[in-house]
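Q: This structure is in structure tokens; I'll ask about it shortly.
The values are calculated or read from the model by the stated rules, or taken from the named source; none is laboratory data. Keep in mind it's a predicted model, so treat the numbers as computed, not measured. Using ideal geometry, Cβ is built from the backbone for each residue, glycine included, and neighbour counts are taken over all protein chains shown. For accessibility, only protein heavy atoms count, side chains too; no ligands or nucleic acids. Shrake-Rupley method; radii C 1.70, N 1.55, O 1.52, S 1.80 Å.
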Amino acid sequence: MPQQHTDEALIQLDKELLWHPYTSMSHPAPHFLVKKAQGSRITLSDGKELIDGMSSWWSVIHGYSHPVINNAMKSQIDDFSHVMFGGLTHEPAIKLAEKLSDITPHGLSRVFFSDSGSVSVEVALKMAIQYWHSSGRPNKKKFITPRNGYHGDTFAAMSVCDPINGMHGLFEGALTKQHFIPSPPTGINTPVDEDYLTEVRQIIEKTHLEVAGLIIEPVVQNAGGMRFYNPLYLDRMKLLCEEFDLLLIFDEIATGFGRTGKMFASDHCNISPDIMCVGKALTGGYITLAATITNDKVALGISDKGGVFMHGPTFMGNPLACSAANASLSLLSSYDLTSRIQTIESKLTESLKRCRSLANVADVRCLGAIGVVELTSPVNQQQIQPLFVEQGVWVRPFGKLIYLMPPYIISNEDLETLGNAIYNVTKSLAYNTKN
Ligand code: PMP
């Protein structure tokens, strides 16, 4: 008989045994024990229900325990949960590749599945390096990327993260030194700054002979500061990439599948990247899966003269994960995604706007199903987290940012409660207001 633990004992064991993201083992942060999650609600062990404002790090877009995805996975389990992808293939992966090639920007049709967002970035960087190697330009091995970017926690991914947030100091000497351009000026509608583009051009001019590609999060720089920028910068970067022989890589891991109001953030501009990474919401946040999708130029370039792409994870194309992704994509195409996200954007804008009056708030901004309250100084996460739980919401701020990325099934009432909770907690942190 397995030993039964009380909830208190489980929490104690968690502290002793488990490492959580970005935490210390000697000073473990408090973690709340979850018993159930359904729709937009997370239920804790003490029975408290929290309205989910995070979609579990931006992935659970249809809410928890959705019957369509549940059934798709159950039915796949009864057939087979996994088979190796070397030498074998299966319908869930083939169908998913077909769907991804249909919905991603023009020309992206060659799909490589991997286990997580960070790995899909590693794969993208390897594809770019291999492409130039096959093209007889083996010196092109580095990358150009904006500051304030975030692309994951594995080594090559860390090397293209913002040098300050991205742990470059800690891993000095272990990370490849890449070339950084300033981050695109903020403001989705702010006119393009030609001086910025001139600076980018100068950096590319100096470095392009050793650079394989430019990697960027389109339209929103996410974990590096929730910064929104004008999509026209991407059109201009594409031109620079063409002029200087760089591959353009879009990291859509956070922005993909509707989050910014279009299926992909790339759809806000008129160009296709050479390589695109997707993950997170790909499976509706059910199970880990990512994809790196490229065009014929890169795929056939790598394969030229008998070349093969040198990557092949054990769980590549996992059928369970692919079946969840197929169900999630069917759900996304079953309603008017654009108008759904517009409704969320309007409600987020309305429910967060009064935070502007607080003295400790520097900015409030919304785009699609992303709402951000930027404070004047960083929050103490351990102090602020229980305050949100007390308010009956699940919101997890970082740095100066308190933000919402709710599941798309969220109701207007829940969005209002989330906005009120952010206002109340932010106000309780402020000593006085501007008025
Ligand atoms: N790229 C971006 C833009 C991300 O937001 C993230 C995760 N927050 C990653 C890559 C890494 O994905 P994962 O955590 O699945 O490795």
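Q: Check region 281-295 and report whether any residue there is over 13 Å from Val123 (Cα atoms), more than 16 Å from the ligand (Cβ to nearest atom) and open to solvent by 10 Å² or more (accessible area, probe 1.4 Å).
A: yes
Q: Could we say that Phe32 is touching a strand residue (DSSP E or B) at 6+ places or on another chain (Cβ under 8 Å), open to solvent by less than 70 Å² (accessible area, probe 1.4 Å) and either modelled with pLDDT of 95 or more or not assigned by TED's automatic domain parsing to the domain that holds Leu329 (or both) here?
A: No; evaluated as a whole, the condition is false for this residue.
Q: Within region 192-230, take every residue that is in contact (Cβ under 8 Å) with a residue 60 or more places away in the chain and assigned to a loop (DSSP other than H, G, I, E, B) and give me the one that is surrounded by the most Cβ atoms within 10 Å (Cβ to Cβ).
A: Val219
Q: Going through Tyr408, Tyr335 one at a time, which residue ends up being under 30 Å from Ala93 (Cβ atoms) and either loosely packed, with under 15 Cβ neighbours inside 10 Å or free of Cβ contacts under 8 Å to residues at least 60 places away in the same chain (or both)?
A: Tyr335
Q: Report whether or not Val111 is out of contact with any helix residue (DSSP H, G or I) (no Cβ under 8 Å at 6 or more places or on another chain), surrounded by 15 or more Cβ atoms within 10 Å (Cβ to Cβ) and not assigned by TED's automatic domain parsing to the domain that holds Gly392.
A: It is false that Val111 is out of contact with any helix residue (DSSP H, G or I) (no Cβ under 8 Å at 6 or more places or on another chain), surrounded by 15 or more Cβ atoms within 10 Å (Cβ to Cβ) and not assigned by TED's automatic domain parsing to the domain that holds Gly392.
Q: What's the number of the condition Ile51 fails, among (1) in contact with a Lys or Arg (Cβ under 7 Å, 6 or more places away or on another chain); (2) farther than 21 Å from Ile370 by Cβ; (3) assigned to a strand (DSSP E or B)?
A: (2)
Q: I would also like to ask the following. Need the failing condition index for Phe171 against (1) assigned to a loop (DSSP other than H, G, I, E, B); (2) away from the ligand (no atom under 16 Å from the Cβ); (3) within 27 Å of Asn295 (Cβ to Cβ), just the number.
A: (3)
Q: Suppose the filter is under 25 Å from the mean Cα position of the chain (by Cα) and of a type outside the set (Val, Ile, Thr); does Leu358 pass it?
A: So Leu358 does not fit the description; no.
Q: Do the conditions hold for Lys126, that is, is it part of a loop (DSSP other than H, G, I, E, B) and either within 16 Å of the ligand (Cβ to nearest atom) or in contact with a Leu (Cβ under 9 Å, 6 or more places away or on another chain) (or both)?
A: Against the criterion (part of a loop (DSSP other than H, G, I, E, B) and either within 16 Å of the ligand (Cβ to nearest atom) or in contact with a Leu (Cβ under 9 Å, 6 or more places away or on another chain) (or both)), Lys126 does not qualify.
Q: I'm trying to understand the selection: among the residues of region 238-255, which are over 24 Å from the mean Cα position of the chain (by Cα) and in a loop (DSSP other than H, G, I, E, B)?
A: Scanning region 238-255 gives Phe244, Asp245.
Q: If you don't mind, another one. Among all residue pairs at least 6 apart or on different chains, which show Cβ distances below 8 Å where the first residue, located in region 149-162, is assigned to a loop (DSSP other than H, G, I, E, B) and open to solvent by 50 Å² or more (accessible area, probe 1.4 Å) and the second is more than 10 Å from the ligand (Cβ to nearest atom) and of a type in the set (S, T, N, Q)?
A: Close Cβ pairs (under 8 Å, with a partner that is more than 10 Å from the ligand (Cβ to nearest atom) and of a type in the set (S, T, N, Q)) amount to Tyr150/Asn165.
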